[in-house]
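Just so it is clear, none of the values below were taken in a lab; they were calculated from the coordinates. Please read these numbers as outputs of a predicted model, since none were measured by experiment. Note that each Cβ is placed from the backbone with ideal geometry, even for glycine, and that neighbours are counted across all protein chains shown.
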Amino acid sequence: MPSKKSLPQPQSLDLPFTGADSHAHLDDPALLPDLPEVFSRAAGSGVSLIVHMFLLHDRYAANRQALLDAAAGCPRPVDLCFARGLHPEDILHADEEEWERLAWAAEHDPKVCAVGEIGLDYHYEEGYSPHAMQEPWFRRQLRLAKKLGKPVVIHSRDAWERTFAILDEEGMRGWPLLWHCFGGSAGHAERIIACGWHIALGGAATYKANQSVREAVRSIPLDKLMLETDCPYLAPMPWRGRRNEPALTAFTAACLAGELGMDPAELWTAAGDNARRFFGV
Ligand SMILES: [Zn+2]
């Protein structure tokens, strides 16, 4: 971690070893060379479970064992499980071979506990991740999750209504579903909760401009809330702009607990318990 001296460390928040980072990209080149330290800082900051998103097959095949080794080698072992999915931004890599491999891992790898992150991303114009290509793959993966009885992790950016419509059409109400990187209003949160789904908040919820997201937290029952990093991106305050990693989830917990007038340790443990229950760890 750069600039160690100048920023408060997550260990200083002194949270119990009950938390979870429900959404990490540990195989990103920014984190991969540093996994033993990343895991030991996570454990030292109270993160007892990390849910890693495995996206394209090549990255899964290349890094699965390294991640498991790093988790097991941590002085205080951190639970690690995977989600496996085709991200809408990877849609140009989608073909039948990729599908076969994804479906195989989702069904047969005991460490794969969810299908994700999947959904719609309309942030970029057509060309980089053509919108029309995203939808059939999103539906196909939702059907796979239902067939296998696995929970789903949703990625939806600039595509709120369309995502909702597809989830409705695919009969996902009441299914164990986690809306990752929530950035909406209280109204959005209420709509998600009404469907019986969970909501995960990350570092962006701590940014000054995102007051409406912090207010939306009041609309999320404590048994439906999770915390995440989406690392290596979107580090919470006061680490914003630096590399994100699971240990920093602690700052998001502290910020949201402040907003709710709650004990940070209580929110931390509740969100960690929710992740364990949801992912079946
Ligand atoms: Zn992600």
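Filtered by the rule that a residue be under 25 Å from S212 (Cβ atoms) and of a type in the set (S, T, N, Q), the stretch 139-185 gives S156, T163, S185.
Annotation for the stretch 142-149: no member residue is closer than 23 Å to Y233 by Cα and away from the ligand (no atom under 15 Å from the Cβ).
Condition first: free of Cβ contacts under 8 Å to residues at least 60 places away in the same chain, outside any loop (DSSP other than H, G, I, E, B) and of a type outside the set (D, E). Now tell me which residues in the stretch 211-241 satisfy that. The answer is Q211, S212, V213, R214, A216, V217, R218, S219, L222, K224, L225. Screening A72 with (1) in contact (Cβ under 8 Å) with a residue 24 or more places away in the chain; (2) out of contact with any helix residue (DSSP H, G or I) (no Cβ under 7 Å at 6 or more places or on another chain) gives one miss only, at (1).
Please work out if R64 is within 19 Å of the chain's Cα centre (by Cα), away from the ligand (no atom under 16 Å from the Cβ) and either within 30 Å of R41 (Cβ to Cβ) or not aromatic (F, W, Y) (or both). Spelling it out, R64 is indeed within 19 Å of the chain's Cα centre (by Cα), away from the ligand (no atom under 16 Å from the Cβ) and either within 30 Å of R41 (Cβ to Cβ) or not aromatic (F, W, Y) (or both).
In the stretch 39-52, the qualifying residues are those that are surrounded by fewer than 24 Cβ atoms within 10 Å (Cβ to Cβ) and among the hydrophobic types (A, V, I, L, M, F, W, C), and the one that is farthest from the ligand (Cβ to nearest atom) is A43. Taking the criterion of being part of a helix (DSSP H, G or I) and either within 16 Å of the ligand (Cβ to nearest atom) or surrounded by fewer than 21 Cβ atoms within 10 Å (Cβ to Cβ) (or both), the residues of the stretch 197-210 that qualify are G203, A204, A205, K208, A209, N210. The number of residues in the stretch 121-135 being loosely packed, with under 13 Cβ neighbours inside 10 Å, under 13 Å from L92 (Cα atoms) and either touching a helix residue (DSSP H, G or I) at 6+ places or on another chain (Cβ under 7 Å) or of a type outside the set (A, V, I, L, M) (or both) comes to 3. Screening A194, A235, A257 for residues that are within 15 Å of the ligand (Cβ to nearest atom) and either buried (at least 17 other Cβ atoms within 10 Å of the Cβ) or not hydroxyl-bearing (S, T, Y) (or both) leaves exactly one candidate, A235.
Among the residues of the stretch 154-184, which ones are surrounded by 18 or more Cβ atoms within 10 Å (Cβ to Cβ), within 16 Å of the ligand (Cβ to nearest atom) and outside any loop (DSSP other than H, G, I, E, B)? Answer for the stretch 154-184, where residues must be surrounded by 18 or more Cβ atoms within 10 Å (Cβ to Cβ), within 16 Å of the ligand (Cβ to nearest atom) and outside any loop (DSSP other than H, G, I, E, B): I154, H155, S156, T163, L177, L178, W179.
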